[in-house]
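Beneath this line is the structure, given in structure tokens, with notes to follow.
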Amino acid sequence: MRVLQVSAELYPLLKTGGLADVAGALPGALDQAGADVRLLLPGFPALRESLVKECAVAPLALPWGEGRAALLRGQLAGLGDATVYLLDAPGLFERPGNPYADEAGVPYADNHRRFALLGLAAARLAEGIDASWLPQLVHAHDWHAALACAHLAASRARLRSRARSVYTVHNLAYQGLFPAPLFCELGLPPDQYAMDGLEFYGQVSFMKAGLHFADAITTVSPSYAREIQTPEQGCGLDGLLRHRAGDLHGILNGVDYAVWSPAHDRSIAQAYSLDRPEGKADCKAALQRDCGLAVKPDALLFGVVSRLTEQKGLPLVLQALPDLLDAGGQLVVLGSGDARLDQAFAEAAARHPGQVARRTGMDEGLAHRIYAGSDVVLVPSRFEPCGLTQLYGLSYGTLPLVHRVGGLADTVVDCTVEDLAAGLATGFVFDAFTVETYRRALRRAFVLWSRPEDWAGVRRTAMQQHFGWDDAARRYVEVYRGVLCG
Ligand code: ADP
Ligand code: GLC
């Protein structure tokens, strides 16, 4: 089956979070599962500069009139021989900052146009704009690509395409909402601005374009698939999601073990593995040294690698920091985003030199060194669709401490006495999202740390976990088959 993957990010070239990791790994796994996969992305500078074997496919008419855009085809240097389509529209995509916002973090005022074009280009491909390859299915990721599903529905209604669509929600909290008058710039039929369409409380919702028009919807863990059908976690869309429950699938993300494995990770101080875990101690000492922490093998070292946002529950880490430090623990935080959270961690690092370290910005190498060098990775998210950092923690034998929610609940087993005894425990899980329950999970981590043999056992179980993309790819192929046969 011919499948077009549409996303705004792609590891390793352009990444703000887990979406990039998924977009980077899923195509290869789908290929292994027998699908013929191509990618469509906006021509952001990091991608545009890497395009090789480039050829022009066709110009694209812009629904709002002025400006020019074209569709290019090629491959991305260093990323194998996958065929990639890029939107060449320098006026829209060649900007500093991240894909969505300027250097000050302010979303671009024309984001509706930038991402409308992404969806439009997907539909044009499904209509046959590239005579050499016609997708049977368009798989759109997150709101940035969601208009593909609305455009495809319109193309099918006009008998211009027979392609089907699958929409993956990576995070329901980011919806792509825009003022209603901008709808006329999206190139969609006017009747799609309706409650049974893109209208959402008087605004245009790109998210709804996916949720309403896709033939199937997936999200990135079974628990999150259930949670988003509740008013508490449905972000106002739970009714629609309940209505579409029969077409909604929770498919857990995988780990690309070619990238996230301590046995052959070139960024870390010393390789190690399940059978030869000794190198982890060297990674810890190197991390402590590099981050200005006291080099103490017996200090329990907690790591955070995270976007600094409300979602990630980091205020709990700050509120319970005295507990962590009084018990002799250390903390290293790598994060970027919210200025107040960043400031709070900077102040903590200044107040507790040698015990707290904070680094800002996106630093892929340091992220690897933190997963390898820490003993515990903290992921106390308020909500978490899947979460990859706890999965990377497991792979590196760095026990995740997580809130029992979303994909975190699906992937980490708490160190209760019974699961310890059964050899199932892989980390520390707290239930209610309160500082008290988080504190208790911290205490469990310190108690386990005081029993080195038990710690080593749990670490072994953690490293034995396998969350391969092969399983996820098989599930996606089943969903694709269902949609194509339906
Ligand atoms: P989300 O997509 O919500 O941010 P995930 O856990 O799915 O959360 O994915 C986060 C990804 O981003 C992981 O690959 C993590 O290592 C990476 N990451 C987050 N913050 C940083 C940072 N400051 N530097 C490097 N990598 C980061
Ligand atoms: C989103 C979610 C995260 C998930 C990632 C990849 O950014 O916040 O939980 O792991 O997408 O699917």
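Here are some notes:
- Residue in region 335-356 that is surrounded by fewer than 24 Cβ atoms within 10 Å (Cβ to Cβ), among the acidic types (Asp, Glu) and either outside the structural domain of residue 454 (by TED's automatic domain parsing) or modelled with pLDDT under 95 (or both) present: yes
- Count - residues of region 12-38 that are of a type in the set (A, V, I, L, M, F, W, C), more than 16 Å from ligand 2 (Cβ to nearest atom) and either surrounded by fewer than 17 Cβ atoms within 10 Å (Cβ to Cβ) or more than 17 Å from the chain's Cα centre (by Cα) (or both): 3
- Of the residues making up region 155-170, those that are surrounded by fewer than 23 Cβ atoms within 10 Å (Cβ to Cβ) and out of contact with any Asp or Glu (no Cβ under 6 Å at 6 or more places or on another chain) are 156, 157, 158, 159, 162.
- Any chance residue 174 is at pLDDT 95 or above, assigned by TED's automatic domain parsing to the domain that holds residue 30, within 26 Å of the chain's Cα centre (by Cα) and in a loop (DSSP other than H, G, I, E, B): yes
- For region 375-409, taking the residues that are small (Gly, Ala, Ser) and within 9 Å of ligand 1 (Cβ to nearest atom), the one that is nearest to the chain's Cα centre (by Cα) is identified as 387.
- Within region 39-71, the set of residues being without any contact (Cβ under 8 Å) to a residue 40 or more places away in the chain, assigned to a loop (DSSP other than H, G, I, E, B) and under 28 Å from the mean Cα position of the chain (by Cα) comprises 49, 50.
- The lone exception for residue 407 - which of (1) in contact with a Pro (Cβ under 7 Å, 6 or more places away or on another chain); (2) away from ligand 2 (no atom under 16 Å from the Cβ); (3) not charged (D, E, K, R) it fails: (2)
- Residues of region 419-472 satisfying the condition of being closer than 30 Å to residue 32 by Cα and assigned to a helix (DSSP H, G or I): 460, 461, 462, 463, 464, 469, 470, 471, 472
- Which listed residue is in contact with a Phe, Trp or Tyr (Cβ under 7 Å, 6 or more places away or on another chain), closer than 19 Å to residue 296 by Cβ, touching a residue at least 12 places away in the same chain (Cβ under 8 Å) and not hydroxyl-bearing (Ser, Thr, Tyr), from 358, 369: 358
Conditions (1) surrounded by fewer than 20 Cβ atoms within 10 Å (Cβ to Cβ); (2) without any contact (Cβ under 8 Å) to a residue 60 or more places away in the chain; (3) in contact with a Phe, Trp or Tyr (Cβ under 7 Å, 6 or more places away or on another chain), marked per residue:
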| site | (1), (2), (3) |
| --- | --- |
| 389 | no, no, no |
| 395 | no, no, yes |
| 401 | no, no, yes |
| 418 | yes, yes, no |
| 421 | yes, yes, no |
| 429 | no, yes, no |
| 440 | yes, yes, yes |
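The values are calculated or read from the model by the stated rules, or taken from the named source; none is laboratory data. Just so we're clear, the structure is a prediction, and the values are computed from it rather than from any experiment. Ideal geometry is used to build each Cβ from the backbone, glycine not excepted, and the neighbour counts take in all protein chains shown.
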